[in-house]
Amino acid sequence: MAIDWDSARASNLANWEDRVPLHEEAYGISALDDPKYLTSVVRTDLAALVPYLPNGTVSGLDVCHLQCHIGTDTLSLARAGARVTGVDFSPAALASAASLAARLGLDATWVETDVLEARAAVVGSFDLVYTSIGTINWLPDLERWAVQVAGLLRPGGTFYIRDGHPALYAIDEHADGLQLRYPYFGTGQAQVWDDATTYAGDGTVAHARTYEWAHPLSAIINSLIGAGLQILRLEEGRTLPWKFAPRMVEVPDGFAWPEAERDRVPCTYTVIARKPGERAEPAGPPEGTRTTP
């Protein structure tokens, strides 16, 4: 359906606010009490990033995590040595993230804003802008999104995204086989969902209606190129960190289609890009950084 951004955003925000207490339980955040623990998402992403980071590590880098939700991945990046800023539009999620950071004794800055306005809301620039996973399907305007990413990066900085593949999102998750049901190409209109469950845990939310937008892989890549970034790497993966469909089976660090079907459709894509220019050494946390308590 056609819907204006403010109305879609309000409905999505109510839904994500409801998800916070459910995800605090479902994410198993007590695992982070182990000072050596990193989430499986971050372990996977850091392995992919190694060739594209100074000295192959995020240690000592300024990292901005867009759409960070309750901060488990953000704080894993902090634990890996990064100076982290987490950005999200949900006050409840950021309050949860800040509470977790305090409990773990980890430093982080939290900024409450729409990701489409991130450059205006976040102070400073970053060596790495990071987003992963289940993110840009919530956004109607990828060109505006990519401009935020480019604006947050320092010259020579790296952008990383791993997300659900658009081909995956076109599949009927309840069909007995790999059957297409939803649009692959974006139409400009939102897909409307009325679903009280979430992708993690068994609880339900009070605000069930959400709006998402389809973006083909070409639109994702071209939005980043249009914002002035250089594409360094594109990968497509066979596993997911969440169970997209009941037919998926658990594998190390995620879920996959039954073995006979794994070569038929990608589950994720990963893009690594760079902002042109010569990289300068990080100057430390910017002064006057806005935070969310």
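Could you count how many residues in the stretch 88-110 are over 15 Å from Leu77 (Cβ atoms) and open to solvent by less than 40 Å² (accessible area, probe 1.4 Å)?
The qualifying residues number 6.
In the stretch 28-65, which residues are among the charged types (D, E, K, R) and over 16 Å from the mean Cα position of the chain (by Cα)?
The answer is Asp33, Asp34, Lys36, Asp62.
Among residues belonging to the stretch 22-41 that are free of Cβ contacts under 8 Å to residues at least 40 places away in the same chain and outside any loop (DSSP other than H, G, I, E, B), point out the one that is farthest from Ala208 (Cα to Cα).
Ala31
I'm checking my understanding of the structure. Among residues of the stretch 248-260 that are closer than 18 Å to Thr198 by Cα and touching a residue at least 12 places away in the same chain (Cβ under 8 Å), which one is surrounded by the most Cβ atoms within 10 Å (Cβ to Cβ)?
Out of the qualifying residues, it is Gly254.
Inside the stretch 207-218, can you point out the residues that are open to solvent by less than 40 Å² (accessible area, probe 1.4 Å) and without any contact (Cβ under 8 Å) to a residue 60 or more places away in the chain?
Scanning the stretch 207-218 gives Pro216, Leu217.
Looking only at the stretch 261-277, which residues are more than 19 Å from Pro241 (Cβ to Cβ) and either surrounded by 14 or more Cβ atoms within 10 Å (Cβ to Cβ) or touching a Pro at 6+ places or on another chain (Cβ under 6 Å) (or both)?
Ala273, Arg274, Lys275, Gly277, listed by residue number.
For the stretch 182-191, indicate whether the set of residues that are in contact (Cβ under 8 Å) with a residue 60 or more places away in the chain, over 30 Å from Glu259 (Cα atoms) and in contact with a strand residue (DSSP E or B) (Cβ under 9 Å, 6 or more places away or on another chain) is non-empty.
yes
For the stretch 183-206, give me each residue that is open to solvent by 40 Å² or more (accessible area, probe 1.4 Å), more than 17 Å from His69 (Cα to Cα) and in contact with a helix residue (DSSP H, G or I) (Cβ under 7 Å, 6 or more places away or on another chain).
Listed by number, the residues that qualify are Tyr184, Gly186, Ala206.
Tell me whether the stretch 63-76 contains one or more residues that are of a type outside the set (Ser, Thr, Tyr), surrounded by fewer than 21 Cβ atoms within 10 Å (Cβ to Cβ) and either at pLDDT below 95 or within 22 Å of Ala150 (Cα to Cα) (or both).
Within the stretch 63-76, not a single residue is of a type outside the set (Ser, Thr, Tyr), surrounded by fewer than 21 Cβ atoms within 10 Å (Cβ to Cβ) and either at pLDDT below 95 or within 22 Å of Ala150 (Cα to Cα) (or both).
Which ones in the stretch 167-181 are within 13 Å of Asn137 (Cα to Cα) and in contact with a helix residue (DSSP H, G or I) (Cβ under 7 Å, 6 or more places away or on another chain)?
Of everything in the stretch 167-181, just one residue is within 13 Å of Asn137 (Cα to Cα) and in contact with a helix residue (DSSP H, G or I) (Cβ under 7 Å, 6 or more places away or on another chain), namely Tyr169.
Looking at the stretch 215-247 only, could you name the residues that are among the polar types (S, T, N, Q), outside any strand (DSSP E or B) and in contact with a strand residue (DSSP E or B) (Cβ under 9 Å, 6 or more places away or on another chain)? Let's see the steps before the verdict.
As a first pass, look at the stretch 215-247 and keep what is among the polar types (S, T, N, Q): 218, 222-223, 230, 239.
Narrowing the set further to residues that are outside any strand (DSSP E or B) leaves 218, 222-223, 239.
Scanning the stretch 215-247 gives a single hit, Thr239.
Specify which of the listed residues (Ile225, Ile221) is out of contact with any Asp or Glu (no Cβ under 7 Å at 6 or more places or on another chain), open to solvent by less than 80 Å² (accessible area, probe 1.4 Å), closer than 24 Å to Ser125 by Cα and modelled with pLDDT of 95 or more.
Sole residue among the options that is out of contact with any Asp or Glu (no Cβ under 7 Å at 6 or more places or on another chain), open to solvent by less than 80 Å² (accessible area, probe 1.4 Å), closer than 24 Å to Ser125 by Cα and modelled with pLDDT of 95 or more: Ile221.
May I ask you to list the residues in the stretch 51-62 that are within 17 Å of Ser125 (Cα to Cα) and either of a type in the set (A, V, I, L, M) or open to solvent by 10 Å² or more (accessible area, probe 1.4 Å) (or both)?
Correct list: Leu53, Pro54, Val58, Ser59, Gly60, Leu61.
Applying the selection to the stretch 119-141, what residues are more than 14 Å from the chain's Cα centre (by Cα) and open to solvent by less than 30 Å² (accessible area, probe 1.4 Å)? Can you show your working first?
Quick first cut of the stretch 119-141, residues more than 14 Å from the chain's Cα centre (by Cα) only: 119-127, 140-141.
The answer is Ala121, Val122, Gly124, Phe126, Asp127.
The values are calculated or read from the model by the stated rules, or taken from the named source; none is laboratory data. Remember, it's a predicted structure, so these values are computed and weren't measured experimentally. Neighbour counts run over all protein chains shown; Cβ positions are idealised from the backbone, glycine included. These accessible areas exclude ligands, DNA and RNA; they are computed on the full protein's heavy atoms, side chains included. Shrake-Rupley method; radii C 1.70, N 1.55, O 1.52, S 1.80 Å.
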